[in-house]
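The values are calculated or read from the model by the stated rules, or taken from the named source; none is laboratory data. All values reported here derive from a predicted model rather than from experimental measurement. Ideal geometry is used to build each Cβ from the backbone, glycine not excepted, and the neighbour counts take in all protein chains shown. Keep in mind that these areas ignore ligands, DNA and RNA; they rest on the heavy atoms of the full protein, side chains included. Shrake-Rupley method; radii C 1.70, N 1.55, O 1.52, S 1.80 Å.
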Amino acid sequence: GLGDVYKRQIRRAREALSRMTRPERIIESTIDLCQHESFDLGLAEQLITNAAQVCEQVADTWTRGTYFAHLAGLSSQLGLSRLSDDLLQLSMALVDTKRDGYVGRRSVLIQKVRAASWTAPPEEIIAICEKIEKIQKQGHPKPLIIANVYGYAAIAAARHRDRTLFLRAMPVS
C-alpha cells in the first residue's frame with residue numbers, strides 16, 4: 001500500500017544521505033527526513049547526531065550555529081530533550097560574545113529563538129523577541145534582525161494554530 005511506498009522512499013532518502021557531498025545538504029535533508037510522516041522515530045537520534053557531526057564541516061561559524069539550533073529544535077520536537085539541550089549549547093557556544101557585548105547577547109537569544117520555534121509556546125518566543133528588541137536599542141536598530149526573529153515567533157504561533165499571536169508576531173505597518 002501507500003504506507004509501504006513511503007517507507008521505501010524514506011529508506012532510500014536515508015541511504016542517500018551518505019552519498020551527499022555538501023554538509024549543508026546533508027543537514028537540511030536530515031531535518032526534512034525526520035519530519036516526514038512515515039519516518040521511523042527510532043532512527044531520529046542517530047540521524048540527528050550524524051547531522052550534528054557534519055555541522056563541524058560547515059565553514060561559517062554563524063551558519064554552523066544556526067544548523068545546531070535547528071537540530072536542537074527538531075530534537076526537542078521528537079522528544080529527544082537531552083540531545084536538544086546539547087545541540088543548543090553547541091549553537092550558543094559558537095557565538096562570539098567577546099566581540100561586542102550587545103551583539104553577543106543578541107546572538108545567543110537569536111539561536112534560542114530558532115531552537116524554541118520548533119516546540120515552545122509562541123508567547124515564550126515573543127518574550128525573547130522583545131528582549132532582542134531592547135538589546136538592539138542599545139546598539140543600532142537592525143529592522144531585518146527584528147523582523148527575522150518575529151518570523152520565528154509567527155512560525156511558532158502557526159504551529160500552535162494561534163491566530164492572535166501570529167498577528168502579534170507579524171504586525172502590519
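Some notes on this structure:
- Note on the chain: helix-only mean residue ellipticity at 222 nm, from DSSP H runs of 4+ residues weighted -39500 (n - 2.57) and normalised by residue number, equals -23500 deg cm²/dmol.
- Relative to the longest principal axis of the Cα atoms of the chain, the long axis of helix 61-77 lies at roughly 70 degrees.
- Lysine pairs with alpha-carbon atoms under 18 Å apart, the chain, spacing 8 or more or separate chains: 4
- Distance histogram for region 1-120 (every C-alpha pair counted, 5 angstrom bins, percent rounded to whole numbers): 2, 12, 21, 21, 18, 12, 7, 3, 2, 1, 0, 0
- Accessible area per residue in Å² at 1.4 Å probe, computed on the chain: 57
- Nearest 10 degrees, 0 to 90: helix 143-159 Cα axis against the chain principal axis: 50
- In degrees, nearest ten, helix 23-35 long axis to first principal axis of the chain (Cα): 80
- For the chain, with all protein chains in place and a probe radius of 1.4 Å, 53% of the accessible heavy-atom surface sits on carbon or sulfur.
- Note on exposure: His70, His36 ranked by accessible area (1.4 Å probe, complete protein assembly) read His36, His70, with the most exposed listed first.
- Charge context of Lys112, other residues only, Cβ under 14 angstrom, K/R +1, D/E -1: +1
- Value of relative contact order over region 1-146, rounded to a whole percent, pairs C-alpha under 8 Å and six or more apart: 17
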